[in-house]
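Each value in this text was obtained by applying a stated rule to the coordinates, not by laboratory testing. From a predicted model like this one, the values you see are computed outputs, not experimental measurements. Virtual Cβ from ideal backbone geometry, glycine too; neighbours counted across all protein chains shown.
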Ligand SMILES: [Fe+2]
Ligand SMILES: [Fe+2]
């Protein structure tokens, strides 16, 4: 026993040493692979368009110096390339997730410290800009009434974002789990996005409280966030991501084209959407990456079901918009401080519905980037189906 023991121990030590060496070689190889991937990602980041200057002019106008990425700076890779390669191993794709993290860290803001700053709304100023409110068409309204209607629309605008962010946050959390034991960069980007959407919901709840302080009683926000979220999340991921990209693109388009250039808006209301825009820029990129990732793993039949679901979701958004336009028209007419003829009442209701259909449906689907991505992920027959479904809503908004 005594003579064999050292031999056994020696074999044991030798075997253990071999196992350690193998583990170390594997760890070194994994680290080297990670380094290579990271290096490829960094090289791709320099070339993938995130450093592009497409919005330099807009950034200069609003005094926002950060490098805001935009889906318009999408790398010029073919669709087939983009969807044929496993996303987590695609250095360009990883670089885009990584860039979202970097910008998210750089632009991160706090509700009270950076946005509210102890301020209250200036009710002598408008909330919703003319470019989105379509109020100018209601020529029988006095300037004071136009301003009040812009407050009603601006209050609803903030509540609509708080509403959709309930389902967006839940969906993003669900998507992040798919990266849980995979691409840790994608995971972090999606976790940050979820966190930001939770913060945005808190910001919009704060806005609702502050709007209520300075407006007559009786305002109602009709849809219930959890009910809407449950209905949306029951649809296919392909469709949910399509709707989300549409929303997160129009958020940015509204700020750039209508909110930022309007000098007559309440400074606090305007700042809320400036800060919101800063974080939404990354979200739209993540929506697109996740939509393409989902698309790549579906069968043709599943994609076709996604198109049907997307049409159903747009119809559901239109249903919400119709109910809220009715509620807002009733509130405005009841609280404006004078009576309106039935014709004027109808015009107010129709004007609100047109404005909301423009804000929440038509402006998003007409965004060039949305049309481009949708064009890559659908067939001509599917696009015709979507176009037919949208035609009455878009036509009314434009009329
Ligand atoms: Fe948001
Ligand atoms: Fe978002």
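Details
- Any hit, region 236-247, residues being in contact with a helix residue (DSSP H, G or I) (Cβ under 9 Å, 6 or more places away or on another chain), under 30 Å from residue 303 (Cβ atoms), away from ligand 1 (no atom under 15 Å from the Cβ) and not in a helix (DSSP H, G or I): yes
- Of the set (1) surrounded by fewer than 21 Cβ atoms within 10 Å (Cβ to Cβ); (2) in contact (Cβ under 8 Å) with a residue 24 or more places away in the chain, all apply to residue 185 but (1).
- Of the criteria (1) within 19 Å of the chain's Cα centre (by Cα); (2) away from ligand 1 (no atom under 16 Å from the Cβ), which one residue 192 fails: (2)
- Selection within region 266-302 - over 30 Å from residue 122 (Cα atoms) and surrounded by fewer than 16 Cβ atoms within 10 Å (Cβ to Cβ): 296, 297, 299, 300, 301, 302
- Only a single item in (1) surrounded by fewer than 22 Cβ atoms within 10 Å (Cβ to Cβ); (2) in contact with a helix residue (DSSP H, G or I) (Cβ under 9 Å, 6 or more places away or on another chain) is not met by residue 165, and it is number (1).
- All of (1) within 15 Å of residue 127 (Cβ to Cβ); (2) buried (at least 16 other Cβ atoms within 10 Å of the Cβ) hold for residue 263 with one exception: (2).
- Of 308, 304, 287, all but one fail to be assigned to a helix (DSSP H, G or I) and within 16 Å of ligand 1 (Cβ to nearest atom); the exception is 287.
- Residue check for residue 354: within 24 Å of residue 172 (Cα to Cα), in contact (Cβ under 8 Å) with a residue 40 or more places away in the chain and in a helix (DSSP H, G or I): no
- Sole residue being crowded, with 18+ Cβ neighbours inside 10 Å and either in contact with a strand residue (DSSP E or B) (Cβ under 8 Å, 6 or more places away or on another chain) or free of Cβ contacts under 8 Å to residues at least 40 places away in the same chain (or both), chosen from 391, 329: 329
- Of 349, 276, all but one fail to be in contact with a helix residue (DSSP H, G or I) (Cβ under 7 Å, 6 or more places away or on another chain), within 16 Å of ligand 2 (Cβ to nearest atom) and either farther than 24 Å from residue 154 by Cα or part of a helix (DSSP H, G or I) (or both); the exception is 276.
- Single residue of 253, 211 found to be within 27 Å of residue 308 (Cα to Cα) and either more than 13 Å from ligand 2 (Cβ to nearest atom) or free of Cβ contacts under 8 Å to residues at least 60 places away in the same chain (or both): 253
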